[in-house]
Amino acid sequence: MIGTTQLKSSHLILLCIIIFIAFLIFLVKRKHSFWKCQGVKGPKPTFFIGNTLENLVSHLAKLHDNYYRKYGKIYGTFDGLKPHLNIGDTELIRDICIKDFSVFPASFHAIYLSPVEENFLTKLYGPKWKRMRSLLSPTFTSGKMKKMFTLIKGCTQDALKALEKLSKTQSSSFDPRKFWGRYNMDVIAKCCFAANLDVYSDEESILQQNFTKVVTGDPIRFLFIFSVPEWLTKALKISGFPVKNIEYLRDLTLALIEKRKNRKDKVEDLLQILIDSESPEVDDDSKDATKVRLTSEEIVSASVVFLIAGFETTSTLLTWACYRLALNQNVQEKLFEEVSAADVQNYDVLSGLTYLDAVINETLRIDPPVVVFQRTAHEDYTLPGTNISIPKNTRITIPIHAIHHDPDNYNDPEEYKPERFIYQSPKPFTFLPFGAGPRICIGMRFALMNAKLVLATLVRNYKILPTHETSKDLKFEKGTILLSPHNLKMRIQPRSG
Ligand code: HEM
């Protein structure tokens with residue numbers, strides 16, 4: 001009798017477990033049929049985790065290039081159970097980034113944020129973003145860029161000295177990624193933190209170590225945040241960047257701000273521009289704009305975000321420019337002709353060099369340093385001209401690399417041809433290295449000025465050459481949204497002597 005009762009209750013438990021598992025499978029399958037039901041193609045999601053794993057095991061550029069080729073300009077993926085839409089259609093990109101910006105005001109999704117990160121421009125949206133963006137935008141006008149040009153010229157001269165040393169070594173071979181990383185750290189340390197670092201020495205100062213930790217980040221942590229549901233990162237309090245190192249930079253900047261307040265002579269750097277910055281406050285309820293300044297804490301956040309957003313992006317651009325010039329000696333010679341006949345140390349002359357501009361643009365097209373950018377829907381939305389509807393909080397990815405390599409957008413997209421930027425302009429929303437719309441990269445002008453100056457200086461003085469180790473079929477670093485080449489080597493040869 002007892003035996004039969006036990007058997008019955010164990011059967012009941014087993015039945016409950018089976019029903020529960022069946023219900024779970026049904027629920028997951030239903031969630032994962034979201035795109036199929038709307039006729040949107042895409043890679044098959046893995047049970048429960050969706051397409052998150054692919055982000056970890058392959059590089060984002062290659063992954064999206066494959067999806068784009070296979071499924072077309074609109075494809076659906078899943079972050080866990082959450083639908084994620086990927087859009088390469090230029091009309092829809094315009095709608096999302098500009099026309100319906102109010103529906104898509106945020107870029108990378110805000111998750112758990114440490115106090116300094118809370119004011120990062122990249123993370124803000126709505127009125128807070130509007131205010132911060134309008135306070136920071138005047139920092140990058142051409143007048144301000146001209147003022148900072150002298151400071152960057154100093155960094156370029158130091159880079160030239162380091163290259164001279166390098167060219168005297170037997171192999172004169174170097175890792176461009178490492179070299180441009182050092183150069184760019186020097187630029188940002190001088191412009192944002194008034195710091196003189198000995199970047200070309202092998203010993204790292206404590207400040208440099210902190211910079212390195214903040215900019216290198218942790219790819220696994222980043223991808224985790226990028227891919228998993230928001231509640232999980234919030235619950236685990238996983239912030240995007242190493243808090244201890246960010247706090248070190250905060251204390252340094254706060255001390256600098258105090259010091260600057262008591263100084264009569266002004267230094268022409270980004271930090272000073274931020275301290276001096278004034279702009280009409282954006283107040284949706286009032287038509288009377290009042291002048292406000294950035295608070296010290298906001299200046300700290302701006303300096304740190306400029307370091308994070310500007311450091312590896314610009315050095316990646318310079319790395320690819322060297323690679324493409326080394327493999328395309330005819331392009332390099334044409335560039336040499338232009339820059340050797342011009343006073344590249346003059347801001348206006350440099351800005352007017354058409355071939356240099358085309359070389360930089362073609363490098364940004366073929367090897368965009370940032371391979372995707374994102375928006376998040378803050379309301380339910382139906383994509384114009386389609387029957388595709390997305391719920392509030394859906395993330396949208398714009399696959400920059402895939403768009404730049406689409407033969408519908410560029411003839412012979414795999415060929416490196418700077419001329420294509422001289423004789424015609426790209427079709428709207430097909431050239432997106434700095435994103436698009438009101439959230440377009442705020443540091444674009446600074447990055448271009450910096451990259452043009454140092455590249456022109458390099459090409460005037462040295463020939464960039466491949467080594468036997470320079471592969472034509474490079475591998476990329478995984479776990480990053482940057483297009484970082486893996487294990488790249490290059491050689492330089494002085495032009496004179
Ligand atoms: C070649 C160099 C660079 C590239 C390729 C690049 C690319 C990008 C891209 C793709 C975005 C996203 C735009 C969007 O969502 O529409 C972005 C945003 C941003 N970038 Fe850059 N960037 C570069 C250099 C810099 C520099 C030098 C700085 C600062 C000094 C900077 C600061 C920022 C900031 C603060 C944002 C966020 C803007 C906002 O959300 O309002 N970037 N960048």
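The values are calculated or read from the model by the stated rules, or taken from the named source; none is laboratory data. These numbers come from a predicted model, not from an experiment. Quick reminder, even Gly has a Cβ in these numbers, built from the backbone with ideal geometry, and neighbours come from all protein chains shown.
Can you spot a residue in the stretch 70-83 that is farther than 30 Å from Pro127 by Cα, at pLDDT 95 or above and basic (Lys, Arg)? Yes. Per the listing Val339, Val282, Val349, the residue uniquely surrounded by 16 or more Cβ atoms within 10 Å (Cβ to Cβ), out of contact with any Pro (no Cβ under 6 Å at 6 or more places or on another chain) and modelled with pLDDT of 90 or more is Val339.
Kindly evaluate Thr457 against the criterion of being closer than 26 Å to Ala162 by Cα, of a type in the set (S, T, N, Q), outside any loop (DSSP other than H, G, I, E, B) and within 16 Å of the ligand (Cβ to nearest atom).
So Thr457 fails the test.
On the given criteria, is Gly76 crowded, with 17+ Cβ neighbours inside 10 Å, touching a residue at least 24 places away in the same chain (Cβ under 8 Å) and not in a loop (DSSP other than H, G, I, E, B)? So Gly76 passes the test. Considering the stretch 83-100, and only residues there that are surrounded by fewer than 18 Cβ atoms within 10 Å (Cβ to Cβ) and within 20 Å of the chain's Cα centre (by Cα), the residue that is nearest to the ligand (Cβ to nearest atom) turns out to be Ile98. Only one of the listed residues (Tyr416, Tyr355) is more than 16 Å from the ligand (Cβ to nearest atom), assigned to a loop (DSSP other than H, G, I, E, B), surrounded by fewer than 22 Cβ atoms within 10 Å (Cβ to Cβ) and of a type in the set (Phe, Trp, Tyr). That residue is Tyr416. For Ala22, the criteria (1) part of a helix (DSSP H, G or I); (2) small (Gly, Ala, Ser); (3) at positive phi hold in every case but one, which is (3).
Is it the case, given these coordinates, that Glu338 is in a helix (DSSP H, G or I) and more than 15 Å from the ligand (Cβ to nearest atom)? Against the criterion (in a helix (DSSP H, G or I) and more than 15 Å from the ligand (Cβ to nearest atom)), Glu338 qualifies. Selection of the stretch 37-60 for residues being at pLDDT 95 or above and surrounded by 13 or more Cβ atoms within 10 Å (Cβ to Cβ) yields Gln38, Val40, Lys41, Gly42, Pro43, Pro45.
Results for (1) among the hydrophobic types (A, V, I, L, M, F, W, C); (2) outside any helix (DSSP H, G or I); (3) surrounded by fewer than 20 Cβ atoms within 10 Å (Cβ to Cβ), shown as yes or no for each residue.
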position: Pro438; (1), (2), (3): no, no, yes
position: Leu453; (1), (2), (3): yes, no, no
position: Ile464; (1), (2), (3): yes, yes, no
position: Ser471; (1), (2), (3): no, yes, yes
position: Leu488; (1), (2), (3): yes, yes, no
position: Gln493; (1), (2), (3): no, yes, yes
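Between Ile422, Ile400, Ile440, which is in contact with a Leu (Cβ under 6 Å, 6 or more places away or on another chain) and either among the aromatic types (Phe, Trp, Tyr) or on the phi < 0 side of the Ramachandran plot (or both)?
One residue alone meets the criteria, Ile400.
Listed by first and then second residue, the pairs with beta-carbon distance under 9 Å, at least 6 apart or on different chains, first residue in the stretch 353-375 and without any contact (Cβ under 8 Å) to a residue 60 or more places away in the chain, second among the small types (Gly, Ala, Ser) and more than 7 Å from the ligand (Cβ to nearest atom), are Thr363/Ala321.
For the stretch 113-140, which positions are away from the ligand (no atom under 12 Å from the Cβ) and at pLDDT below 90? Selection gives Leu113, Ser114, Pro115, Val116, Glu117, Glu118, Pro138. Does Lys427 count as assigned to a loop (DSSP other than H, G, I, E, B), under 30 Å from Ser167 (Cβ atoms) and more than 16 Å from the ligand (Cβ to nearest atom)? No; evaluated as a whole, the condition is false for this residue. For Lys291, the conditions (1) away from the ligand (no atom under 14 Å from the Cβ); (2) modelled with pLDDT of 95 or more all hold with the exception of (2).
Does Phe108 satisfy the condition of being crowded, with 21+ Cβ neighbours inside 10 Å, within 16 Å of the ligand (Cβ to nearest atom) and in a loop (DSSP other than H, G, I, E, B)? Spelling it out, it is not the case that Phe108 is crowded, with 21+ Cβ neighbours inside 10 Å, within 16 Å of the ligand (Cβ to nearest atom) and in a loop (DSSP other than H, G, I, E, B).
I'd like to know if the stretch 18-26 contains one or more residues that are more than 25 Å from Thr382 (Cβ to Cβ), touching an Asp or Glu at 6+ places or on another chain (Cβ under 7 Å) and at pLDDT below 95. The answer is no; no qualifying residue exists.
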